[in-house]
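Notes to accompany the following structure.
No lab work stands behind these numbers, since they all come straight from the coordinates. Owing to the predicted nature of the structure, the values given are computational and were not obtained by experimental measurement. We place every Cβ from the backbone using ideal geometry, glycine too, and count neighbours over all the protein chains shown.
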Amino acid sequence: MRYDFSTATKLLEIMTNLQQNYGSLENLYCQASDGKDLEKRLQEFKDIGPTTAQIFLRELRGVWQVPPKVTEMARTSTANLNITLGQFEGERLARLETALVKLYLRYCKKRGCRLCPMADSCTKSD
């Protein structure tokens, strides 16, 4: 079985379960009591784990009122760059976190400080 076919099948299954259990994605959001409950409800769907739920919620920050649960990778990058995330919210926070995670994965995790485009601003740079 091809990977893209199996992924499409999984997505169809998730959407079917979503419609049966909640009617719509918006109803799932409205029925959640808070951010933790929303994350828990998302993880009830097959193949949706903590990381997938966190990425999904990060991408919806500008649409839904989702409390900022920032990943450890992004927190590491913010510490290295002396960035305060409290001044960002919604979609701006989501975009910044995405960029910080990518920065972490491409450079910080691999200790690639010399190649990092943010090396001059980084407190951890070699």
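Every residue in segment 16-66 that is of a type in the set (Lys, Arg) and either assigned to a loop (DSSP other than H, G, I, E, B) or at positive phi (or both), please. Reasoning before the result, please.
Start the filter on segment 16-66 by keeping residues that are of a type in the set (Lys, Arg), which leaves 36, 40-41, 46, 58, 61.
Within segment 16-66, Lys46, Arg61 meet the criteria.
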Residue among Gly90, Gly86, Gly49 that is among the small types (Gly, Ala, Ser), under 30 Å from Ala32 (Cα atoms) and surrounded by 12 or more Cβ atoms within 10 Å (Cβ to Cβ)
Gly90
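What's the total number of residues in segment 67-122 that are in a helix (DSSP H, G or I) and not acidic (Asp, Glu)?
Going through segment 67-122, the residues in a helix (DSSP H, G or I) turn out to be 72-81, 85-87, 90-108, 113-115, 119-121.
Next, from what is left, pick out any that are not acidic (Asp, Glu): 73-81, 85-87, 90, 92-96, 98-108, 113-115, 119, 121.
The number of residues fulfilling the criteria is 34.
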Consider Val101 against the criteria (1) surrounded by 15 or more Cβ atoms within 10 Å (Cβ to Cβ); (2) in contact with an Asp or Glu (Cβ under 7 Å, 6 or more places away or on another chain); (3) not polar (S, T, N, Q): it satisfies all of them except one. Which criterion is unmet?
(2)
